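Single-structure report; data block below.
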Amino acid sequence: MGNPFFLTAGQVHDLAGAEVLLTDIETGAVIADKAYDAEERVVKPLEQARIEVVIPPRSCRKTPREYDRELYKARHLIENFFCKLKHFRGIATRYDKLSRNFLAALQFAAILIWLN
C-alpha cells in the first residue's frame, strides 16, 4: 500500500484526505468512525470496489445503513495506535514546521510502535 498517512491542514475535516487514502487500496473492509459516513465520497466508491464498509451511520441519516457491529469493535486498535503516537511529544504538539519533516517523524514513530 505504501504510505498510510496523508497530511492535511490542522483546521481541515478528516474527510478531506479520505479520497487519497481510499483510492486503489486492496483490503476486505474499511473500518472508520461516523465522520467518514459520506455516501458519494466514501461509501459508494468502496462498495463499487467490493470493499466492506464498516462505518456506523450518522444520526442525521434518513435511511440508516447497516454495518458489521462485531467487526467495528476492532476499531479500538486504531484509536490505541493514535494514543501511542501521541506519546511522542514532537508528534502530539507538531513541533516541525515543514510537513515533510512532520511526516518523517510520524513514520518513524509508527515504525517504533510497530517494532515494539
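The values are calculated or read from the model by the stated rules, or taken from the named source; none is laboratory data. All values reported here derive from a predicted model rather than from experimental measurement. We place every Cβ from the backbone using ideal geometry, glycine too, and count neighbours over all the protein chains shown.
Tell me, yes or no, whether segment 7-29 has at least one residue that is farther than 26 Å from residue 95 by Cβ, at pLDDT 90 or above and surrounded by 12 or more Cβ atoms within 10 Å (Cβ to Cβ). Yes, the conditions are met somewhere in segment 7-29. Taking segment 47-98, which residues are of a type in the set (Lys, Arg) and touching an Asp or Glu at 6+ places or on another chain (Cβ under 9 Å)? Scanning segment 47-98 gives 58, 61, 65, 75.
For segment 90-116, the set of residues classified as at pLDDT 85 or above, of a type outside the set (A, V, I, L, M) and in contact with a helix residue (DSSP H, G or I) (Cβ under 6 Å, 6 or more places away or on another chain) consists of 90 only.
Pull up segment 38-58, narrow it to residues that are farther than 18 Å from residue 25 by Cβ and in a loop (DSSP other than H, G, I, E, B), then point me to the one that is nearest to the chain's Cα centre (by Cα). Of everything passing the filter in segment 38-58, 56 is nearest to the chain's Cα centre (by Cα). Checking each residue in segment 13-31 for being of a type outside the set (S, T, N, Q), in a loop (DSSP other than H, G, I, E, B) and free of Cβ contacts under 8 Å to residues at least 24 places away in the same chain picks out 13, 24.
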